Every structure is written in C-alpha cells, then in structure tokens.
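*Asks:* Sharing a structure below in structure tokens format, with a few things to ask.
Just so it is clear, none of the values below were taken in a lab; they were calculated from the coordinates. None of these values were measured; they are calculated from a predicted model. Because the Cβ atoms are built from the backbone with ideal geometry, glycine has one as well, and the counts that use them run over all protein chains shown.
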Amino acid sequence: MDVDKFINRAKELVVAYYNEHVEKTDQFTMTPDHVFIVWFCKTLQNWKAIVSTVVSDGMLYEVTYNGDKQETYLDVYKKWENVCIRDESE
C-alpha cells in the first residue's frame, strides 16, 4: 500500500462510519472533502493515521493498517475534555 492509497482509504472509512451513525435529523452527509488527516506514520509495513472531520462533535478516528495481515482497523473516540495540567516548577 502506498501513502495516497492509505490516506484515501482512511478518509473513506471515516466517511462511511460517520454516515452510518449520524443522527438522521442532522441532515448532513459527509464526503471525503469533510475529512482531514491530523497525523500519520508508516513503520515497517504498517500505517497509522489520526483522522478528524469538519464536524464539531469532538470525535477522533484512528485508522491502522496491518501490512502482515492486510487488515485495516478503525477506532472511534469521543473527545471529552482538554485539560491543561501545569508542571510544578523546581
């Protein structure tokens, strides 16, 4: 798998997941144009991407491709909070 194929696949998976689970009364259908890659890397034959969307619902998607098994995994998270914890000065 090359980088473009992986990124397109990650976006397609997020679009499909969102459109299957969105509240129908929201009257919004997601397309790949609404999805962006926050971070991605390749280690050996494996790919991982953190994916988000323009929808302000706090959701975060993690897409992992296992090159050994040729399987792709989608983890879906909800961001509950962003808390700043200051380090104590020494």
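*Asks:* Counting other Cβ atoms within 10 Å, keep those with at most 11, restrict to DSSP loop, and tell me which trypsin sites (Lys or Arg not before Pro) in the chain are left. The partial results should precede the final answer.
*Replies:* On the way: sites: LYS5, ARG9, LYS11, LYS24, LYS42, LYS48, LYS69, LYS78, LYS79, ARG86; in loops: LYS69, LYS79, ARG86.
For trypsin sites (Lys or Arg not before Pro) across the chain that sit outside H, G, I, E and B with at most 11 neighbouring Cβ atoms in 10 Å, the list reads LYS69, LYS79, ARG86.
*Asks:* Based on DSSP H runs of at least 4 residues, each adding -39500 (n - 2.57), what is the mean residue ellipticity at 222 nm of the chain after dividing by all its residues, to the nearest 500 deg cm²/dmol?
*Replies:* Computed ellipticity for the chain at 222 nm equals -7000 deg cm²/dmol.
*Asks:* Then there is this: Given charges of +1 on the Cβ of Lys and Arg and -1 on the Cβ of Asp and Glu, with all other atoms neutral, how large is the dipole of segment 3-78 about its Cα centre, in debye to the nearest 20?
*Replies:* Its charge dipole is roughly 240 debye.
*Asks:* With a point put 7 Å past each Cα toward its Cβ, work out how far LYS5 is from THR25 in nm, to one decimal.
*Replies:* Inter-label distance under the simple model: 4.3 nm.
*Asks:* Sticking with this structure for a sec: What chymotrypsin sites (Phe, Trp or Tyr not before Pro) in the chain are in a loop by DSSP, with at most 10 other Cβ atoms within 10 Å of the Cβ?
*Replies:* Within the chain, the qualifying chymotrypsin sites (Phe, Trp or Tyr not before Pro) (loop, at most 10 other Cβ atoms within 10 Å) are TRP80.
*Asks:* Still on this model: Using θ = phi - 60° and the Karplus curve 6.51 cos²θ - 1.76 cosθ + 1.60, what whole-Hz ³J(HN,Hα) does each residue of segment 45-59 get, with Gly and Pro shown as x?
*Replies:* Running phi through 6.51 cos²θ - 1.76 cosθ + 1.60 with θ = phi - 60° gives 9, 10, 10, 9, 9, 9, 10, 9, 9, 6, 6, 8, 10, x, 7 Hz.
*Asks:* From the list [x] 24, 23, 10; [y] 21, 13, 12; [z] 37, 13, 11, can you say which value of semi-axes √(5λ) of the Cα gyration tensor in Å was derived from the structure given?
*Replies:* So the calculated entry is the one marked [x].
*Asks:* Full extension from ASP33 to SER56: what is 0.36 nm times the residue separation minus their Cα-Cα distance, to one decimal in nm?
*Replies:* 6.8 nm is the gain from fully extending ASP33 to SER56.
*Asks:* Additional query: Using a Gaussian network model on the chain with a 10 Å cutoff between Cα atoms, which of LEU44, LEU74, LEU13 fluctuates the most?
*Replies:* Among LEU44, LEU74, LEU13, the largest mean-square fluctuation in the Gaussian network model of the chain belongs to LEU44.
*Asks:* How many angstrom lie between the Cα centre of segment 1-47 and the Cα centre of segment 61-77?
*Replies:* Cα centroid to Cα centroid, the span is 11 Å.
*Asks:* I've got another one for you. Please compute the net charge surrounding ILE37, taking Lys and Arg as +1 and Asp and Glu as -1 over other residues with Cβ under 12 Å from its Cβ.
*Replies:* Local charge sum for ILE37: +1.
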